[in-house]
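Below is one structure, written out as structure tokens, with a few remarks after it.
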Amino acid sequence: MTNHSPAPLNSAPERRARVARRRAEQRALALGLLTLGLAPLACLSDITLPPCDDLMVCDAGGASGLGGAAGAQAGTVADGGVGGEAGLGGEAPSAGTGDRGWGKSEGGNPGGAGAGYLERKCANCVILPPSQPAPCAMRPYSTSLTITGGTPPYQWQVASTTWSIAVDPAFSSRATLSTEAAAASATTLAIDVMDATMAHAHANLSVPIRNTCWFAYTSLETSGAKLQLLDPLAEPPAPMILAHNHGVYDFQFSPDGQYLAYRYGSDETHRTGQHLALVTLSTLDEQPIPVLEDAITAFAWSPDSKLIAVAFSQAQQTYLTGVRIPAPDSDTAPVELPPKPAFVESDLYWIGNTFVAFHAERLADLGNPGQWLPNPYHQRTPFYAKLNDTGFESPQPVVDYGYDPGVYLQPTGSGFFMITDSDPFTYFNALSPTVAAPTPLSFTRLISPSGQYSASIEDGQLQIFSAADGELSPAVAVSDDGEKCPMLLAWAKDRERIACIADVPNDPPGGIHGEVRIFDLNAREHRLTMSTLRGFCTDDTDSAVSAGSCAALQNEYSYSEARASGHARGFSPSGRWLAFTAASTDGVDNYLYWADLNEVPFSLKRKSYFFTTQTVSDSPTELAFSPDERFLLLRRGNQLAQQDLTAGPESGPTRDAEPLTSSLESSDECMDDFASAPDRWCGNTDRSALFRWAPDSTAAAFRTPDHVTVVDVTQFPVRYFYPLPAPACGQQCAGQFAFQPTIKP
């Protein structure tokens with residue numbers, strides 16, 4: 001059957017007469033075939049016919065077609081969908097139950113729908129893929145489609161006025177679906193393909209939309225270090241053209257996802273860059289941030305994204321200032337606040353939206369304000385500065401003594417800790433700096449992610465302290481005598497939940513086994529409640545794994561204080577999931593264990609076996625939960641894998657952690673001593689600079705020596721890889737990469 005375009009009709013009566021004649025012809029043809037006992041050529045609304053098993057046909061009225069405005073009235077087989085005042089086959093469905101046509105509607109657009117149109121189904125045709133990576137709202141987008149089965153050549157059409165399909169001239173089974181601007185919300189596209197025998201294949205392609213699409217990273221180009229800002233899931237990913245993109249050292253997205261600031265102009269004299277630029281992500285408008293600097297030495301966004309704290313040098317003096325950032329839809333330019341002299345020799349750390357902390361190689365003489373003592377050992381002093389309506393007040397030193405080099409500043413909601421492995425910690429309450437003196441804490445303590453508590457172990461007993469209490473203050477909660485915690489494993493971020501490991505004698509006697517113990521703090525009652533993670537294996541000792549015993553059981557774990565040392569472990573942010581890794585004594589067989597702590601009693605959900613040729617000593621482990629807590633990224637040495645935490649148990653040890661790469665850059669091992677390296681503590685699952693999750697959990701990214709690769713996991717277990725060239729910068733840039741945060745109004 002051949003499709004052709006109808007001749008123009010001049011009046012409504014002529015159109016109705018022509019449609020009536022066509023209907024009569026179809027009815028007569030159908031009745032004649034029924035009389036002969038043959039299959040009908042069309043399914044008409046006013047004739048009862050057998051099922052059209054291998055046909056795709058149209059009823060009177062027609063549903064959405066392949067072009068034109070909404071709605072069709074009546075059509076014909078020959079015309080492929082004639083009728084409809086404004087043209088046939090628009091995006092909005094009209095009355096009737098018809099399908100698509102391949103002729104021309106009266107409006108002249110391809111693919112109208114109408115009564116009685118016949119389509120022969122391509123039984124073995126499949127349009128792939130069934131779904132696509134999500135485009136960025138209101139941005140250009142293109143993606144590839146393929147059809148299998150049928151007989152080439154193929155013709156492609158899409159039912160949309162804003163999307164188009166371009167067929168590959170060399171292989172008509174391939175086509176590119178594209179749009180100049182994706183919609184602001186999710187949509188469904190009707191795709192139609194006809195092969196050489198005029199058999200049809202249809203697919204309704206679901207197209208979700210991303211509202212936070214930007215991905216940024218620094219890399220070393222021929223002309224120097226640059227910032228790449230792009231949508232990594234676009235085909236091809238085209239970096240935005242930035243006006244100051246030369247000598248870029250580092251960047252920061254604003255916490256509300258509306259802006260990006262980057263430091264540029266680095267050279268041999270200014271290793272970290274000289275100036276700061278601001279990009280409005282919704283419009284890609286760019287402007288330099290007005291600071292009268294010779295060089296920017298540090299910058300940091302306030303948590304509410306309304307101000308950037310900036311440290312800079314000018315005429316061999318150092319200053320601290322702030323730049324107020326207008327709303328994204330405002331015509332107001334950023335405004336610099338009056339700068340104050342300051343010694344900033346570290347990053348800047350915000351404490352709420354009111355205080356900024358930093359440290360420097362200075363020893364304050366508190367008896368003589370503004371005077372400094374000799375500092376032959378290059379010790380570090382913490383400082384804070386308060387923000388008021390006119391700018392920062394003059395920065396103040398916290399103490400009149402210094403810390404040995406190698407300090408770590410951990411901010412909290414109300415203050416900060418200065419942490420060092422050679423001296424006691426100091427906690428400073430910034431909300432009452434004139435009342436509460438800095439409080440030294442024992443350097444053996446672990447600081448909670450919330451910053452409200454610290455913990456220490458005394459003869460295996462877990463003790464919890466208020467963060468503001470000194471080392472001689474009593475604990476606010478202590479574990480019971482029979483609930484020991486010899487080794488701290490992890491502390492949850494969004495709740496006061498702690499994991500420990502304890503070696504316990506087997507019963508009946510004969511070796512020992514390790515029990516993972518979960519402690520929950522009731523802050524109101526100052527009480528610790530312990531639960532043991534069920535599934536510990538008593539058949540194995542802490543020195544070897546017996547073949548055919550614990551190693552073969554998917555809901556058991558063989559874990560001990562010794563096997564926990566130097567291995568990653570951590571809670572998901574909410575504290576629902578606990579994951580930990582262990583290696584066999586030969587350092588080759590490895591397991592990832594995880595437990596769903598929403599299930600009571602707590603028990604092991606599953607374990608996953610994974611293999612590496614590296615030994616324990618040269619294969620550090622790291623974990624990173626996706627924000628939605630469905631997935632876990634697991635790093636072992638140079639290998640990176642993805643684990644679905646919701647996967648059900650399977651029989652026997654399995655290699656079911658899906659590999660992502662075996663070419664991660666090398667990094668240091670994690671540390672069990674929190675004080676010596678808080679950002680590398682084995683219980684910290686957020687520390688990795690080599691891989692990270694998008695805030696909406698739709699993608700992950702990891703860095704190899706020459707690339708940053710983004711992985712779309714929205715169709716898991718199918719995953720889409722997008723490698724982005726990113727030569728390492730060495731000392732010329734920070735080598736960072738990050739997803740745009742979720743946009744907040």
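For the pair segment 700-728 and segment 286-333, the centres of their Cα atoms are 32 angstrom apart.
Add +1 for every Lys or Arg and -1 for every Asp or Glu among the other residues with Cβ under 9 Å from the Cβ of Pro135, and state the total. For residues surrounding Pro135, the net value is +1. Taking K and R as +1 and D and E as -1, what net charge do the other residues with C-beta under 12 Å from the C-beta of Lys386 add up to? Charge balance near Lys386 sits at -1. For segment 160-216, which chymotrypsin sites (Phe, Trp or Tyr not before Pro) are both in a DSSP coil and crowded by at most 12 other Cβ atoms within 10 Å? Sites meeting the loop and neighbour criteria: Phe171. Fewest neighbouring Cβ atoms within 10 Å first, the residues Tyr591, Tyr262 line up as Tyr591, Tyr262. Look at where the Cα atoms of segment 205-230 and of segment 336-399 average out, and the two centres are 36 Å apart.
Lys and Arg at +1, Asp and Glu at -1: add these up for the other residues within a Cβ distance under 13 Å of Val718 and post the number. Cβ neighbours under 13 Å give a net charge of -2. Applying both filters, DSSP loop and at most 11 other Cβ atoms within 10 Å, to the chymotrypsin sites (Phe, Trp or Tyr not before Pro) of segment 306-414 gives Tyr377. Between segment 141-163 and segment 565-584, the alpha-carbon centres lie 46 Å apart.
We did not get these values from a lab; they are worked out from the coordinates using the rules stated. Note that this is a predicted model, so its numbers are computed, not measured. Virtual Cβ from ideal backbone geometry, glycine too; neighbours counted across all protein chains shown.
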